[in-house]
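Everything below concerns the one structure shown next.
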Amino acid sequence: MTPEDQEETQPLLGPPGGSAPLSRRVFLAAFAAALGPLTFGFALGYSSPAIPSLRRAAAQALRLDDAAASWFGAIVTLGAAAGGVLGGWLVDRAGRKLSLLLCTLPFVVGFAVITAAQNVWMLLGGRLLTGVACGIASLVAPVYISEIAYPAVRGLLGSCVQLMVVTGILLAYLAGWVLEWRWLAVLGCVPASFMLLLMCYMPETPRFLLTQHKRQEAMAAMQFLWGSEQTWEEPPVGAEHQGFRLAQLRLPSIYKPFIIGVSLMAFQQLSGINAVMFYAETIFEEAKFKESSLASVIVGIIQVLFTAMAALIMDKAGRRLLLTLSGVIMVFSTSAFGAYFKLTQGGPSNSSHVDLSTPISMEPTSASVGLAWLAVGSMCLFIAGGSQALRRLLARLRLLYLQCPFHSVLCP
């Protein structure tokens with residue numbers, strides 16, 4: 001373990017001798033904060049089942065054409081960019097807890113606006129608000145969880161953030177299988193409301209309280225979270241916050257990891273992973289599947305399983321190896337999916353309205369069923385190869401530290 005690793009895992013407050021904490025309320029606090037990433041994932045996945053439902057809306061004012069459907073899926077990212085900047089400002093001024101409480105408001109209001117929408121503009125406005133909340137939650141929730149967790153469980157709880165995001169996406173896909181878009185928006189308010197309720201009873205993080213020179217409150221928060229009655233040792237003065245100056249970008253140790261990290265993030269976004277999440281059901285409908293909702297659910301399940309697997313093997317396999325493997329898998333899978341569209345385009349054996357639940361043996365003369373499973377398989381492989389190691393690698397490059405002015409740009 002390098003000195004940097006030791007510095008990263010050093011607890012802000014720790015019991016002498018490294019004795020184990022007695023309380024498990026830290027898990028309840030982490031769960032309360034993780035409801036933010038869960039709602040974040042639900043908001044990302046919401047557009048996938050909602051767009052086909054809105055295309056069939058009875059009211060002409062709510063029916064989405066191709067352009068409106070594209071905006072409905074993508075506008076959440078604009079809100080997330082604004083929310084990331086706002087969250088970066090809030091997290092050091094309002095605190096981690098209050099920032100999480102505040103992000104529940106645009107979540108609930110955004111989904112409420114979508115539920116009550118009478119025209120396309122209200123739908124887009126609601127999506128924009130949920131995007132703002134996504135940007136705040138994606139930044140603040142990992143910070144809160146990492147600062148309340150003791151070293152023995154910090155890695156486990158930190159990995160749960162990404163797992164909760166993909167679980168939220170899967171929840172949106174599953175619920176969209178049986179619910180139409182209005183009731184699906186109502187469901188989106190539920191985890192955010194529970195988060196608001198639970199976080200009211202959770203303490204602020206000791207690190208933030210110490211930066212505000214509130215040592216007694218920090219001790220009380222640690223007592224609540226860890227449950228130990230021993231005397232706590234305070235870290236050295238100045239360990240809570242380090243400044244950052246733009247002049248430091250001239251240093252190779254700063255600009256090299258910065259360029260590498262930003263490039264990795266840009267290429268990951270350009271790979272199309274968000275487009276698949278936003279428009280999964282639409283993509284499968286364009287591929288002429290009879291049960292596009294089922295195909296989306298399969299993709300969501302694969303994403304949850306492989307995210308959990310990546311969290312378990314990441315520290316052993318290494319970030320670089322996983323990123324390289326991720327790139328190879330995503331290139332192969334997108335090529336296979338493109339080949340599927342090429343093979344089924346306009347031909348007599350077009351896989352129009354293929355039923356995924358039909359065994360191949362029942363239609364031995366139809367090659368379209370095999371091609372349908374090629375499409376689903378390639379998309380599942382694409383999701384499985386999604387770069388789950390990237391965020392951890394960026395953290396190792398020290399680009400996700402709060403004192404970095406580019407933190408809010410990278411997180412959304």
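The values are calculated or read from the model by the stated rules, or taken from the named source; none is laboratory data. None of these values were measured; they are calculated from a predicted model. Cβ atoms come from the backbone with ideal geometry, glycine included; neighbour counts cover every protein chain shown. SASA here: full protein model, heavy atoms, side chains in, ligands and nucleic acids out. Shrake-Rupley method; radii C 1.70, N 1.55, O 1.52, S 1.80 Å.
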Query raised in the report: Does the stretch 44-79 hold any residues that are within 30 Å of Glu204 (Cβ to Cβ) and touching a Lys or Arg at 6+ places or on another chain (Cβ under 8 Å), and which are they?
Result: Val76, Gly79
Query raised in the report: How many residues does the stretch 183-210 contain that are over 18 Å from Cys103 (Cβ atoms), open to solvent by less than 50 Å² (accessible area, probe 1.4 Å) and of a type in the set (A, V, I, L, M, F, W, C)?
Result: 3
Report task. Just one of (1) aliphatic (A, V, I, L, M); (2) open to solvent by 60 Å² or more (accessible area, probe 1.4 Å); (3) under 17 Å from the mean Cα position of the chain (by Cα) trips up Ala152, so point out which. Result -> (3)
**Report entry** Close pairs (7 angstrom Cβ cut-off, 6 or more residues apart or separate chains): closer than 21 Å to Cys160 by Cα in the stretch 120-145, open to solvent by less than 20 Å² (accessible area, probe 1.4 Å) and of a type in the set (D, E, K, R) anywhere
**Finding:** Val140/Arg96; Val143/Arg96; Tyr144/Arg96
Report task. Restrict the check to the stretch 80-97 and report whether at least one residue is over 25 Å from Tyr201 (Cβ atoms), touching a Ser or Thr at 6+ places or on another chain (Cβ under 9 Å) and β-branched (Val, Ile, Thr). Result -> yes
Query raised in the report: Residues Val166, Val161, Val140: which one is at pLDDT below 90, closer than 26 Å to Phe224 by Cβ and open to solvent by less than 30 Å² (accessible area, probe 1.4 Å)?
Result: Val161
Query raised in the report: Of all the residues that make up the stretch 172-182, how many are modelled with pLDDT of 90 or more, under 16 Å from Ile298 (Cβ atoms) and surrounded by fewer than 22 Cβ atoms within 10 Å (Cβ to Cβ)?
Result: 2
Query raised in the report: Can you find even one residue in the stretch 67-85 that is surrounded by 17 or more Cβ atoms within 10 Å (Cβ to Cβ), part of a loop (DSSP other than H, G, I, E, B), without any contact (Cβ under 8 Å) to a residue 60 or more places away in the chain and not basic (Lys, Arg)?
Result: no
Query raised in the report: In the stretch 108-136, what residues are among the β-branched types (Val, Ile, Thr), more than 18 Å from the chain's Cα centre (by Cα) and crowded, with 24+ Cβ neighbours inside 10 Å?
Result: Ile114
**Report entry** Of all residues in the stretch 278-299 being part of a loop (DSSP other than H, G, I, E, B) and in contact with an Asp or Glu (Cβ under 7 Å, 6 or more places away or on another chain), the one that is modelled with the highest pLDDT
**Finding:** Glu291
Query raised in the report: Which ones in the stretch 160-183 are touching a Leu at 6+ places or on another chain (Cβ under 8 Å) and polar (S, T, N, Q)?
Result: Thr167
Requested in this report: Could you identify the single residue in Leu128, Leu101, Leu174, Leu187 that is within 25 Å of Ala310 (Cα to Cα) and assigned to a helix (DSSP H, G or I)?
Outcome: Leu174
